[in-house]
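**Q** The structure follows.
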Amino acid sequence: MTDPVTQPVTDPAAGLQLMTLHVNGEEHEVLAESRRTLVDVLRHDLRLTGTHVGCEHGICGACTVLVDDRPVRACLMFAAQAEGARIRTVESLSGGEGGRELSDLQQAFSAHHGLQCGFCTPGFLMLAEGFLAERPEATKEEIREVVAANLCRCTGYQTIVEAIDGCAAARRLAGKEN
């Protein structure tokens with residue numbers, strides 16, 4: 001007889017697996033098929049619908065989340081692969097009471113008109129958040145190169161580059177003042 005506490009819970013006939021996912025600072029237990037993608041589990045099981053599903057082939061970047069602080073296409077990753085990792089979705093950016101206060105990056109996107117229809121915005125925000133954590137001194141050219149990895153049909157990218165650069169400059173200035 002196996003001990004249910006130490007053995008992973010699975011239902012081989014249904015292909016189900018019990019996973020523990022650490023999302024936005026909270027631990028979630030999810031019983032899902034092992035072949036389910038991270039984006040599907042985030043959206044349908046955890047109801048974190050800020051992460052969008054676009055192409056489902058890893059091309060558009062709408063599903064970008066941070067896994068252990070690195071941008072990842074959630075449509076290309078199985079949820080089971082993320083077990084034990086720290087996952088952050090766009091919902092993790094806002095703060096304040098009830099999550100109603102925009103982060104500095106979200107404010108920069110708004111101030112620089114870095115969004116139009118908004119469909120691609122969560123992916124760009126998470127891509128930028130991961131990139132700026134790794135490269136806080138990034139130049140506009142480096143930012144332009146990074147954002148080219150995600151697709152947007154509305155903005156022409158310039159306002160997105162300006163927003164990320166503006167946020168990076170404000171963070172550097174705040175760091176010098178402290």
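The values are calculated or read from the model by the stated rules, or taken from the named source; none is laboratory data. As the structure is a computational prediction, the values presented were derived from the model and not from experiment. Neighbour counts run over all protein chains shown; Cβ positions are idealised from the backbone, glycine included. Ligands, DNA and RNA are stripped out before the accessible areas are found, and what is left, the full protein with its side chains, is counted by its heavy atoms. Shrake-Rupley method; radii C 1.70, N 1.55, O 1.52, S 1.80 Å.
**Q** Need pairs with beta-carbon distance below 6 Å; first residue without any contact (Cβ under 8 Å) to a residue 60 or more places away in the chain and within the range 137-159, second surrounded by fewer than 16 Cβ atoms within 10 Å (Cβ to Cβ) and part of a loop (DSSP other than H, G, I, E, B); sequence gap 6+ or separate chains.
**A** C154/Q116; C154/C117; T155/Q116; T159/H113
**Q** Provide a single number: the residues in the range 21-32 that are open to solvent by less than 60 Å² (accessible area, probe 1.4 Å) and free of Cβ contacts under 8 Å to residues at least 60 places away in the same chain. Write out each step before concluding.
**A** So in the range 21-32, the residues open to solvent by less than 60 Å² (accessible area, probe 1.4 Å) come out as 21, 23-24, 28, 30, 32.
Those still in the list that are free of Cβ contacts under 8 Å to residues at least 60 places away in the same chain too: 28, 30, 32.
Selection size over the range 21-32: 3.
**Q** Residues being assigned to a strand (DSSP E or B) and closer than 23 Å to G15 by Cβ: count how many of those fall in the range 45-66.
**A** Residues meeting the conditions: 0.
**Q** Still on this model: Considering (1) outside any loop (DSSP other than H, G, I, E, B); (2) modelled with pLDDT under 95; (3) open to solvent by 50 Å² or more (accessible area, probe 1.4 Å), say which one Q17 fails and leave the rest.
**A** (3)
**Q** If I filter the range 109-136 down to residues being without any contact (Cβ under 8 Å) to a residue 40 or more places away in the chain and touching a helix residue (DSSP H, G or I) at 6+ places or on another chain (Cβ under 7 Å), which single residue comes out as farthest from A168 (Cα to Cα)?
**A** Checking each candidate, the answer is T121.
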